[in-house]
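Participant: I have a structure here, written as structure tokens, and I will follow up with some questions on it.
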Amino acid sequence: RETQFDVHDGAECLYYYSGVANTLGGSSYEMPGGSLAYTIREPLGVTVGIGAWNYPLQSALWKSAPALAFGNSIVFKPSEFTPSTALWLGQCYKEAGLPDGLFNVILGAKDVGAELVQSDLVSKVSFTGSAESGRKVYEMAASGMKKVTMELGGKSPLIIFSDSDLDNAVSGAMLANWYSSGQVCSNGTR
């Protein structure tokens, strides 16, 4: 069941960012005194995505779809526990006509991730994982003034109001806590 969700949500992510790509562009504004101000959206260049082991397809797509839609290339390092999903996604991108070099997969453990984050060729890092690992990634990226996006593990509270249907609330709380074996950062666990 979780795998079906992973695939469906991944497809929705691709659909969303394929639509956003058409809306990208600069804007211009007339300023007081007759001058003109404008914005130009430019790709960042090489980005890095480091994914977690749970929801491996979704993680790879959540990092690659926006990067590609905004004109960047991405080097994706999946969890060492789920490498085949990212390799399969790379093949799908290739079959869909994505030019070589825009979506790249590199396999390895945390030392490989550290090398990617510290590379001078990288301008942005997107990381999914624990808060402890996130701090380390952030520190490495900050030394190079890289843009960083993080999705860190956490525990999310549930609120059950006094007028709730208690049987339904308990059922919902159990699902919120144990969905995907309890391995979702936004699971309701307290």
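Participant: Given the condition part of a loop (DSSP other than H, G, I, E, B) and within 25 Å of residue 43 (Cα to Cα), answer yes or no: does some residue in the range 150-169 qualify?
Facilitator: We begin by selecting, within the range 150-169, every residue part of a loop (DSSP other than H, G, I, E, B); these are 153-155, 157-165.
Within this subset, residues satisfying the condition of being within 25 Å of residue 43 (Cα to Cα) are none.
Within the range 150-169, none of the residues are part of a loop (DSSP other than H, G, I, E, B) and within 25 Å of residue 43 (Cα to Cα).
Participant: Among the residues of the range 145-168, how many are open to solvent by less than 70 Å² (accessible area, probe 1.4 Å) and at pLDDT 85 or above?
Facilitator: Of all residues in the range 145-168, those open to solvent by less than 70 Å² (accessible area, probe 1.4 Å) come to 146, 148-154, 156, 164.
With at pLDDT 85 or above added as a condition, the list becomes 146, 148-152, 164.
Of the residues in that region, 7 qualify.
Participant: Where the second residue is of a type in the set (Lys, Arg) and the first is at pLDDT 95 or above and lies in the range 42-68, which pairs have Cβ atoms under 6 Å and are six or more apart or on separate chains?
Facilitator: 44/124; 47/124; 49/63; 50/77
Participant: Take residue 116 and decide whether it is under 30 Å from residue 14 (Cβ atoms), of a type in the set (A, V, I, L, M), buried (at least 16 other Cβ atoms within 10 Å of the Cβ) and in contact with a Ser or Thr (Cβ under 9 Å, 6 or more places away or on another chain). Outline the logic, then answer.
Facilitator: On the way: under 30 Å from residue 14 (Cβ atoms): yes; of a type in the set (A, V, I, L, M): yes; buried (at least 16 other Cβ atoms within 10 Å of the Cβ): yes; in contact with a Ser or Thr (Cβ under 9 Å, 6 or more places away or on another chain): no.
It is false that residue 116 is under 30 Å from residue 14 (Cβ atoms), of a type in the set (A, V, I, L, M), buried (at least 16 other Cβ atoms within 10 Å of the Cβ) and in contact with a Ser or Thr (Cβ under 9 Å, 6 or more places away or on another chain).
Participant: Report the residue count in the range 169-181 for those that are at pLDDT below 80 and aliphatic (A, V, I, L, M).
Facilitator: Counting residues in the range 169-181 that are at pLDDT below 80 and aliphatic (A, V, I, L, M) gives 4.
Participant: Shifting gears a bit: Among the residues of the range 6-30, how many are at pLDDT below 85, under 14 Å from residue 67 (Cα atoms) and either outside any helix (DSSP H, G or I) or of a type in the set (Ser, Thr, Tyr) (or both)?
Facilitator: Of the residues in the range 6-30, 1 are at pLDDT below 85, under 14 Å from residue 67 (Cα atoms) and either outside any helix (DSSP H, G or I) or of a type in the set (Ser, Thr, Tyr) (or both).
Residue by residue, here is whether (1) in contact (Cβ under 8 Å) with a residue 60 or more places away in the chain; (2) open to solvent by less than 20 Å² (accessible area, probe 1.4 Å); (3) among the β-branched types (Val, Ile, Thr) holds:
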residue	(1), (2), (3)
80	no, no, no
88	no, no, no
105	no, no, yes
109	no, no, no
121	yes, no, no
125	yes, yes, yes
132	no, no, no
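Participant: Within the range 44-53, does at least one residue satisfy the condition of being open to solvent by 20 Å² or more (accessible area, probe 1.4 Å), over 12 Å from the mean Cα position of the chain (by Cα) and closer than 16 Å to residue 17 by Cα?
Facilitator: Looking through the range 44-53, none of the residues is open to solvent by 20 Å² or more (accessible area, probe 1.4 Å), over 12 Å from the mean Cα position of the chain (by Cα) and closer than 16 Å to residue 17 by Cα.
The values are calculated or read from the model by the stated rules, or taken from the named source; none is laboratory data. What you see is a predicted model, and the numbers here were worked out from it, not measured in a lab. Here Cβ is always computed from backbone atoms with ideal geometry, including for glycine, and neighbour counts include all displayed protein chains. Only protein heavy atoms, including side chains, enter the accessible area calculation; ligands, DNA and RNA are left aside. Shrake-Rupley method; radii C 1.70, N 1.55, O 1.52, S 1.80 Å.
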